[in-house]
């Protein structure tokens, strides 16, 4: 089934041309390893489409905006129908709130019950698909927006995916697509089915890119998602939700170097960075649920473009809405560091740490705040303070293993700089014992042979 989605069964004419152009595939792969199309398309979708499907479920502002769209159904008027939550289920709102606050277990449970009550609704299936997938990506350590500020995430190792969860993701994607294809077979201009299929493809692009590292398959699905949503906008120009995916793609392809932009245009892949920003800002101002996802996308892209003040302003508008989202909370300190406002960044990290200790983030990995604080103090050459910050990670009941390993390595290096060799060796041994085949373990072995020093 995943191969069927990987081939993008219909509606992917431009992306299908990739199969016959080995040279272009090579160019795309080269660029992917240097500028990371996934960082924009897959990474951008990762941080924005987490809620894009919710918008097909609850677009309060869409009523009255449509112009000639074909809903593929009869009965209620367009205004009545677009003001409804799809599927009509009282449990959706709570599941959405839990999703955005990283309470994935209860979000999955809620969306599972909704799907059980609406088994033939592709939106209900997509809700559950997204929640299951993001829970797994979070467990794997793939949801840190800082990783997508550049292209380093492409080669960063993460924990392996759970085969049972992967099987569930593929089964849900197949189920959703089968429902969408059946509706489109009956009515090719069913905008809801087109929109839903675009979301399914976008989610599978995230999965194939970030989990399977199947770049061309991810690209094909991402392009298919864009084509579906462009068709939605042709049929219903007021379908604001569809501008999120199209805006992300425009930004990414519009950010290519001139030569690669020309190569992309030869196979029908075009974009405009300005149009991407325009679409995302339009959705962000729309006032519906999709405004959250557009703002997250804007934070990501503004940061990549070094427009840090604008990114910080956008982020601070999100923080009060999702106080339990530790991923968003950590980005404030990161952006402040980029602005060289280190004292404010330190205060932000300490606030996140204290909030986490008080239970403000539930099961969220607030120990990242201690790691980031250690890195900040280290850069300021406050080696004792940095060591103390790194040590905080071990105080968390169940810290992320990779974070703990990095913190132990950092603490060891800080002890070396303070000439506390016994403490340093103890930390390096802990790094190796945690995962001897990791990059931090390689560095720890080097430090055991020769103490860490700064030139």
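Quick notes on this structure:
- Failed condition for residue 364, given (1) over 20 Å from residue 141 (Cα atoms); (2) buried (at least 20 other Cβ atoms within 10 Å of the Cβ): (1)
- Residue check, residue 224 surrounded by 24 or more Cβ atoms within 10 Å (Cβ to Cβ), touching a helix residue (DSSP H, G or I) at 6+ places or on another chain (Cβ under 6 Å), part of a helix (DSSP H, G or I) and free of Cβ contacts under 8 Å to residues at least 40 places away in the same chain: no
- Any hit, the stretch 256-279, residues being under 26 Å from residue 325 (Cα atoms), out of contact with any helix residue (DSSP H, G or I) (no Cβ under 6 Å at 6 or more places or on another chain), part of a helix (DSSP H, G or I) and touching a residue at least 12 places away in the same chain (Cβ under 8 Å): yes
- Options 446, 420, 398, 406: the member that is under 20 Å from residue 330 (Cβ atoms) and without any contact (Cβ under 8 Å) to a residue 12 or more places away in the chain: 398
- Condition met for residue 193 (modelled with pLDDT of 95 or more, surrounded by fewer than 17 Cβ atoms within 10 Å (Cβ to Cβ), assigned to a helix (DSSP H, G or I) and in contact with a helix residue (DSSP H, G or I) (Cβ under 9 Å, 6 or more places away or on another chain)): no
- The stretch 255-274 - residue that is under 19 Å from residue 225 (Cβ atoms) and surrounded by 18 or more Cβ atoms within 10 Å (Cβ to Cβ) and, of those, modelled with the highest pLDDT: 271
- Of all residues in the stretch 397-427, exactly one satisfies the criterion of being outside any helix (DSSP H, G or I), at pLDDT 95 or above and touching a helix residue (DSSP H, G or I) at 6+ places or on another chain (Cβ under 6 Å), namely 418.
- Selected residue (only one of 303, 316 is modelled with pLDDT of 90 or more and buried (at least 22 other Cβ atoms within 10 Å of the Cβ)): 303
The values are calculated or read from the model by the stated rules, or taken from the named source; none is laboratory data. These figures come from a predicted structure and were not determined experimentally. Heads up, the Cβs are rebuilt from the backbone with ideal geometry, glycines too, and the neighbour counts pull from every protein chain shown.
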